């Protein structure tokens, strides 16, 4: 979808993009030797939420969900109740894990739970308590399993508000029989008491509702009545067909619990082969091109990958003798047509989290060809505190909520101040230059002004998209969206002219140029958009242009 004027909060997003992408070479994550691949199976744009399905495969995942072993979808986000009194949300059924904690949460919660488990195990006759004590320190999943076995858990008041690490605006609370997750952009995600996601919504009335029959997801419906319906195979209870509006459909085939073929709504086909351990070893595309993956049979770690162009990557791993689980190295070599095109080495060090909930990545060292990078991470927020690239350090300071207060690079410094209500950037100060931002009650950015004299005002419609902008030169631009697809149809300079937009089958703009008599309008519209991009740039808000 042509996502003009979509905003994301930046300092944290920029840091994430800066660092996380470097864990991976090709589509193998060097932290855990995990191969991943995602496929856009179905996408139906709309004026509110798009109806879409993205299927993702993770070779190290044990998730056996809607579409088979190792696969997950956007509809499988789960909420888990941790015995220590915190909550954990796992995206895509087996993806990113985010822990939400009460304000008074501390390591004492984990210590008390561990003591209760040891007492219960001693009472039940366990003679190896010394080893169990160590295992409970190192293995948070074991704590959850034994706590469930002995029916041990912290009782938290129903009124408790749980905050996501590093983001006060991303919170979780129980309202009646529904857990409501509030994002920093003012959107909501809803879970039932069992942890199943049951819907998403925004403050403008747009929503998706998830409907279940027993434990099976049977449909997803939006506020306009558009619907995705899920049909299941009688052989393995996996989704075999998803139907949508206007006869849109996607199909899934299996061998046992292994997904062997996807026929996407756009008629693209993908075929998959696996080894005896459910590890994907080959994927074949509609044009006949292939990707192949090799594994270490003992650890299930990826050791080789061949891309669709025939370029081969090899991976090998080294482990510290003192602490092999938490200190190790990964080496990568890529060859294309017999020539080495990349040689990389990664070092990972993990340490115990201060709250007792497992481990966090404390230090990363990378050498990618001749580029050297070292990163130290914050123990509470998991974000970079220090990045050293080829000897040049960049420091990050955070407030108590995990929001970036200052970025220091050499003698240069960028400081960030935040809107107290929305916790979004209100002011960016870089030397003598500054930029300020204001938001409406929904958290949409409606005004930006900088010390260079640039100024832009924005007006949002009910869909949450920009419908009007005015810059410092009083150039006013209106944006008209298609009611069905949600894409911009044209950008208009009232009284001057407009730019009509058209799209290809992938949703990319293929025509921006107006008729010759509209060239003046095009120049003025482009200038106004340029002002908007420049004045919002210090916040890192993604304008999608």
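Specify the residue that is surrounded by the fewest Cβ atoms within 10 Å (Cβ to Cβ); the eligible residues are those in the stretch 448-473 that are touching a helix residue (DSSP H, G or I) at 6+ places or on another chain (Cβ under 7 Å) and not in a strand (DSSP E or B).
472
List the residue pairs whose Cβ atoms are under 8 Å apart, where the first residue sits in the stretch 521-540 and is farther than 25 Å from residue 419 by Cβ and not assigned by TED's automatic domain parsing to the domain that holds residue 446, the second is modelled with pLDDT of 90 or more and surrounded by fewer than 22 Cβ atoms within 10 Å (Cβ to Cβ), and the two are 6 or more positions apart or on different chains.
Close Cβ pairs satisfying both conditions: none exist.
Which condition number in (1) buried (at least 18 other Cβ atoms within 10 Å of the Cβ); (2) in a strand (DSSP E or B) is the one that residue 211 fails?
Failed condition: (1).
Somewhere in the stretch 171-188, is a residue touching a strand residue (DSSP E or B) at 6+ places or on another chain (Cβ under 8 Å) and at positive phi?
no
Among the residues of the stretch 88-110, is there at least one that is crowded, with 21+ Cβ neighbours inside 10 Å, at pLDDT 90 or above and more than 30 Å from residue 207 (Cβ to Cβ)?
no
Scan the stretch 236-256 residue by residue and report those that are under 26 Å from the mean Cα position of the chain (by Cα), in a loop (DSSP other than H, G, I, E, B) and closer than 19 Å to residue 68 by Cα.
238, the sole residue that qualifies.
Quick check: anything in the stretch 280-299 part of a loop (DSSP other than H, G, I, E, B) and either within 26 Å of the chain's Cα centre (by Cα) or buried (at least 16 other Cβ atoms within 10 Å of the Cβ) (or both)?
Checked against the condition, which is being part of a loop (DSSP other than H, G, I, E, B) and either within 26 Å of the chain's Cα centre (by Cα) or buried (at least 16 other Cβ atoms within 10 Å of the Cβ) (or both), the stretch 280-299 yields no hits at all.
Given the conditions (1) surrounded by 14 or more Cβ atoms within 10 Å (Cβ to Cβ); (2) touching a helix residue (DSSP H, G or I) at 6+ places or on another chain (Cβ under 9 Å), and given that residue 354 satisfies all but one, which numbered condition is not satisfied?
Condition (1) is where residue 354 drops out.
Select from the stretch 148-160 the residues that are loosely packed, with under 15 Cβ neighbours inside 10 Å and either under 29 Å from the mean Cα position of the chain (by Cα) or on the phi < 0 side of the Ramachandran plot (or both) and list them in ascending order.
Residues satisfying the conditions are 148, 149, 155, 157, 158, 159.
Within the stretch 296-336, track down each residue that is out of contact with any strand residue (DSSP E or B) (no Cβ under 6 Å at 6 or more places or on another chain) and within 15 Å of residue 59 (Cβ to Cβ).
Within the stretch 296-336, 297, 298, 299, 300, 301 meet the criteria.
Being surrounded by 14 or more Cβ atoms within 10 Å (Cβ to Cβ), at positive phi and not in a strand (DSSP E or B), is that true of even one residue in the stretch 301-324?
Within the stretch 301-324, not a single residue is surrounded by 14 or more Cβ atoms within 10 Å (Cβ to Cβ), at positive phi and not in a strand (DSSP E or B).
I'd like to verify a number: residues in the stretch 361-384 that are exposed (fewer than 15 other Cβ atoms within 10 Å of the Cβ) and part of a strand (DSSP E or B), how many?
Summing the residues that are exposed (fewer than 15 other Cβ atoms within 10 Å of the Cβ) and part of a strand (DSSP E or B) in the stretch 361-384 gives 2.
Looking only at residues that are in contact with a strand residue (DSSP E or B) (Cβ under 7 Å, 6 or more places away or on another chain) and part of a helix (DSSP H, G or I) in the stretch 511-528, which one is modelled with the lowest pLDDT?
518
Can you report the number of residues in the stretch 123-147 which are assigned to a helix (DSSP H, G or I) and under 29 Å from the mean Cα position of the chain (by Cα)?
8
For residue 277, work out the one condition from (1) farther than 30 Å from residue 164 by Cα; (2) modelled with pLDDT of 95 or more it doesn't fulfil.
(2)
Quick one: in the stretch 425-445, which of the residues that are touching a strand residue (DSSP E or B) at 6+ places or on another chain (Cβ under 6 Å) and in a loop (DSSP other than H, G, I, E, B) is nearest to residue 384 (Cα to Cα)?
Only one residue tops the list, namely 444.
Among the residues of the stretch 477-486, how many are surrounded by fewer than 18 Cβ atoms within 10 Å (Cβ to Cβ) and either in a loop (DSSP other than H, G, I, E, B) or modelled with pLDDT under 90 (or both)?
4
The values are calculated or read from the model by the stated rules, or taken from the named source; none is laboratory data. The structure displayed is predicted, hence computed values, not measured ones. Virtual Cβ from ideal backbone geometry, glycine too; neighbours counted across all protein chains shown.
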